[in-house]
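K.L.:
Let me give you the structure first, and then I'll get to my questions.
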Amino acid sequence: MTDRSAATNDKAEANTILTPEQTAHAHAVFTSKCADCHELKQPGRYTVKKWSKVLPDMSRKAKLSNDDAQLLKTWVMANAKAG
């Protein structure tokens with residue numbers, strides 16, 4: 001995947017609408033798993049581009065399932081700064 005197509009996919013995820021249940025689950029993963037290792041960084045603190053670089057490694061370190069990693073990424077991207 002090229003950088004350009006990855007950026008396009010990340011921006012598309014930023015526009016994905018989650019159900020209330022998905023949002024609640026993603027937030028629960030965020031507050032429980034991410035906070036296990038470091039201070040929580042609110043999604044709006046960073047851009048979609050920055051999160052797309054950070055999330056794969058952090059999801060692996062947190063030992064998230066593929067489904068939880070994808071849901072968390074979608075939620076974070078939807079709440080990240082544009083750019």
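K.L.:
Would it be correct to say that THR8 is in a helix (DSSP H, G or I), of a type in the set (S, T, N, Q) and modelled with pLDDT of 60 or more? Explain how you work it out, then say what you get.
P.N.:
Numbers: in a helix (DSSP H, G or I): yes; of a type in the set (S, T, N, Q): yes; modelled with pLDDT of 60 or more: no.
In short, no.
K.L.:
Can you pull out the residues in the stretch 34-67 that are farther than 15 Å from ALA80 by Cβ and basic (Lys, Arg)?
P.N.:
Across the stretch 34-67, the qualifying residues are ARG60, LYS61, LYS63.
K.L.:
In the stretch 20-38, is there at least one residue being of a type in the set (A, V, I, L, M), crowded, with 17+ Cβ neighbours inside 10 Å and more than 10 Å from the chain's Cα centre (by Cα)? Explain how you work it out, then say what you get.
P.N.:
Here is the first cut: in the stretch 20-38, the residues of a type in the set (A, V, I, L, M) are 24, 26, 28-29, 35.
Next, from what is left, pick out any that are crowded, with 17+ Cβ neighbours inside 10 Å: 26, 29.
Those left that are additionally more than 10 Å from the chain's Cα centre (by Cα): 29.
Yes: the stretch 20-38 contains one or more residues that are of a type in the set (A, V, I, L, M), crowded, with 17+ Cβ neighbours inside 10 Å and more than 10 Å from the chain's Cα centre (by Cα).
K.L.:
May I ask you to verify whether SER65 is at pLDDT 95 or above and in contact with a helix residue (DSSP H, G or I) (Cβ under 6 Å, 6 or more places away or on another chain)? Steps first, answer last, please.
P.N.:
Numbers: at pLDDT 95 or above: yes; in contact with a helix residue (DSSP H, G or I) (Cβ under 6 Å, 6 or more places away or on another chain): no.
Criteria not met by SER65.
K.L.:
Please specify each residue of the stretch 42-83 satisfying the condition of being under 17 Å from THR31 (Cβ atoms), of a type in the set (D, E, K, R) and in contact with a Ser or Thr (Cβ under 9 Å, 6 or more places away or on another chain).
P.N.:
ASP68, LYS73
K.L.:
Cβ-Cβ distance below 7 Å, separation of 6 or more or different chains: which pairs start in the stretch 61-83 with a residue that is aromatic (Phe, Trp, Tyr) and end on one that is part of a loop (DSSP other than H, G, I, E, B)?
P.N.:
TRP75/LEU18
The values are calculated or read from the model by the stated rules, or taken from the named source; none is laboratory data. Because the structure is a prediction, the values reported are computed rather than measured. All Cβ positions, even for glycine, are placed from backbone atoms using ideal geometry, and neighbour counts span all protein chains on display.
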